[in-house]
Amino acid sequence: MQTLGSATLTAFIVQALTGAILAMYYQPSSTIDPTTGKPVAYSSIQSITNDVTLGWLVRGMHRWGASVFIILLFLHMGRVFLFGAYKYPRELTWVTGVLILATGMLMGFTGYLLPWDQTAYWATAVGINLNGTAPFLGPWLAQFLAGGPEIGSTTLA
C-alpha cells in the first residue's frame, strides 16, 4: 500500500518513454493513404506494430501501461483519501493529485482516438457528445474537444 505513489510514478515514466518513441513514427492524419486505402493514422499504427523493430512491444507497453497508470492513480488516490492524508498540511498535495488524476484520464481518453479505427472513432464521438450535453459550456466544450465542428484530422492533431 505504501508504494502506490512510486508505482504510479514508474507507470507514468514508462508511458512518457514509450509515448515519445511512438510519437517518432505516428502520423496524425485522417486522409486516406493511396497505397493502402486506409487512413494515414491507422496505417502508421500498423507500420509501428509490424515494421518498426520491437514496435509491437513498445505499442503494447504503451497501450496496457495507460490502463495500469489510471488504475494505479485511482488506487493511490483512494489510499490517500482513506488514510486521511489529504488533510492539513497536505491540502495542496491532494489538489495536485486530483488535477493529475483528471489530466491522466483526459490523456487516456485522447490517446484512445489515435489508432483511428472504428472503435476509436465511435468511442471518441460518444465521449465528445456526452460532454456536449453539459449545460452552458457543453456545445463549446464538444467543439473544443473535436478541434472543430466535427471529428476529423484536427481532432487527431
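Throughout, read-outs are computed from the coordinates displayed, never taken from laboratory work. Because the structure is a prediction, the values reported are computed rather than measured. Using ideal geometry, Cβ is built from the backbone for each residue, glycine included, and neighbour counts are taken over all protein chains shown.
Descriptive notes on the structure:
- Cα centroid separation - segment 26-48 against segment 55-88, whole Å: 31 Å
- Most to least packed among 72-79, 96-103 [average Cβ atoms within 10 Å]: 72-79, 96-103
- Overall form of the chain per C-alpha gyration tensor (a/c, 1.5; a/b vs b/c): oblate
- Estimated inter-spin distance, Lys87 and Asn129, nm [label 7 Å along Cα→Cβ]: 4.6 nm
- Backbone geometry of segment 103-111 corresponds, through the Karplus equation with coefficients 6.51, -1.76 and 1.60 at θ = phi - 60°, to 3J(HN,Hα) couplings of 5, x, 5, 5, 5, x, 5, 5, x Hz, x marking Gly and Pro.
- Extension gain for Trp122-Arg79 works out to 12.1 nm (0.36 nm per residue, less the C-alpha to C-alpha distance).
- Taking Cα atoms only, the orientation of helix 118-132 departs from the longest principal axis of the chain by about 50 degrees.
- Relative contact order (%) - the chain, alpha-carbon pairs under 8 angstrom, separation at least six: 23 percent
- Relative packing of peptides 85-92, 104-111 - highest average C-beta neighbours within 10 Å first: 104-111, 85-92
- Estimated inter-spin distance, Ile13 and Thr49, nm [label 7 Å along Cα→Cβ]: 3.0 nm
- In sequence order, calculated HN-Hα J values of segment 27-36 (Karplus, 6.51, -1.76, 1.60; Hz; x Gly/Pro): 10, x, 8, 8, 5, 7, 6, x, 6, 10
- Crossing angle, helix 40-50 versus the chain [Cα axis fit, 0-90 degrees, rounded to tens]: 80 degrees
- Per-residue 3J(HN,Hα) values for segment 79-84, derived from phi via the Karplus relation 6.51 cos²θ - 1.76 cosθ + 1.60 with θ = phi - 60°, read 5, 4, 5, 5, 8, x Hz in sequence order (x marks Gly and Pro).
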